[in-house]
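For reference, the structure discussed in these notes is given below.
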Amino acid sequence: MIPALPLERMAADPQWFANEVSAVAAGISVLALGASAVSVYYSRRQANAGEKQATEAAASRQISERALADQAAALKEQAENTARTFEIAARNAAAAEKSADHGAQSVELGRESMYRSLRAYVTIEGIEPSDWTGFPESPESGVIGLQRIPEAALVTVTNTGQTPARHLEIQYNMDVLHEFPQTAAEYDQHYRGWMPTDLGCNQKRTVRTKIVGKGTEDKLKSALDSSMSKLLVFGRIKYLDMFSDIENVTEFCFVYDTRRELFVPAGPVNSVR
């Protein structure tokens, strides 16, 4: 049986075309709805994938940021530890240097103390009057008799140190002066000397000095009569010790006490170095 043509069907049923159009439209709508649903489905999936990707990217960025922050903190801590290490090392080096300095100072002080305790010390043991001469008492004193005063003196030096003195030289002078010498070097041209020699521990040497030159008697009498005139024995002792070639010097100055008839140290020229 041959199907009826559309014109024939339209003639037999006038609603057919409208029904067919409606059916076709409905089909198209269904297809469009399906396509829309599929599009929405895939859009949502795509949106979800994009959101997931964005979330994963944000999480990855946070992880990277935390990693970088941790790395920066680790580097900072490492730098601080290194700085502290350098600081501790610097303090240790300074402490070691200070300790070495103290050690060197202790050694130097110990050496200096040993040197001072063991070196030779040559000093004046005493000056004894000798060769007395007498002068009549002045009438004003009311004393009958003679006043005596020494023309010479015996100068005794001794080594009170623990080791010998080398190349010992005694320079000495006896004279009547108005002022005390300020330094032993003032009278370099007037000293008499003792031949250089060595002087052992606790050993002594004695030299004899006297007033020489013209006017000796007048000088001695003025030392008795005038408070301005002083009978002095003065000079210096030069020597080396056993530890170095540095010259040690002892300077001395003694004045005659007319009342006690003996020599006593006086004036600025009395030192041991």
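The values are calculated or read from the model by the stated rules, or taken from the named source; none is laboratory data. Bear in mind that the values here come from a model prediction, so they are computed numbers and not experimental data. Cβ atoms come from the backbone with ideal geometry, glycine included; neighbour counts cover every protein chain shown.
Things worth noting here:
- In the stretch 234-255, the count of residues that are farther than 28 Å from Y121 by Cβ and surrounded by 15 or more Cβ atoms within 10 Å (Cβ to Cβ) is zero.
- V107 vs. criteria free of Cβ contacts under 8 Å to residues at least 60 places away in the same chain and surrounded by 10 or more Cβ atoms within 10 Å (Cβ to Cβ): yes
- Residue satisfying all of: in the stretch 238-266; touching a helix residue (DSSP H, G or I) at 6+ places or on another chain (Cβ under 9 Å) and of a type in the set (F, W, Y); nearest to E151 (Cα to Cα) among these: Y256
- Some residue of the stretch 197-208 being surrounded by fewer than 18 Cβ atoms within 10 Å (Cβ to Cβ), more than 46 Å from the chain's Cα centre (by Cα) and not β-branched (V, I, T): yes
- Verdict on S117 being on the phi < 0 side of the Ramachandran plot, part of a helix (DSSP H, G or I), out of contact with any Asp or Glu (no Cβ under 9 Å at 6 or more places or on another chain) and modelled with pLDDT under 80: no
- Pairs where the first residue, in the stretch 167-191, is under 14 Å from R236 (Cα atoms) and the second is assigned to a loop (DSSP other than H, G, I, E, B) and among the hydrophobic types (A, V, I, L, M, F, W, C), C-beta under 6 Å, 6+ apart: I170/W194; M174/I211; P181/V269; A184/V269
One line per residue, one yes/no per condition, for (1) modelled with pLDDT of 70 or more; (2) loosely packed, with under 10 Cβ neighbours inside 10 Å; (3) not in a helix (DSSP H, G or I):
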residue	(1), (2), (3)
L7	no, yes, no
A11	no, no, no
S22	yes, no, no
I28	yes, no, no
L33	yes, no, no
S36	yes, no, no
T55	yes, no, no
A58	yes, no, no
S64	yes, no, no
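- Some residue of the stretch 211-229 being closer than 27 Å to W132 by Cα and modelled with pLDDT of 95 or more: no
- Count of the stretch 249-273 residues which are in contact with an Asp or Glu (Cβ under 6 Å, 6 or more places away or on another chain) and part of a strand (DSSP E or B): 2
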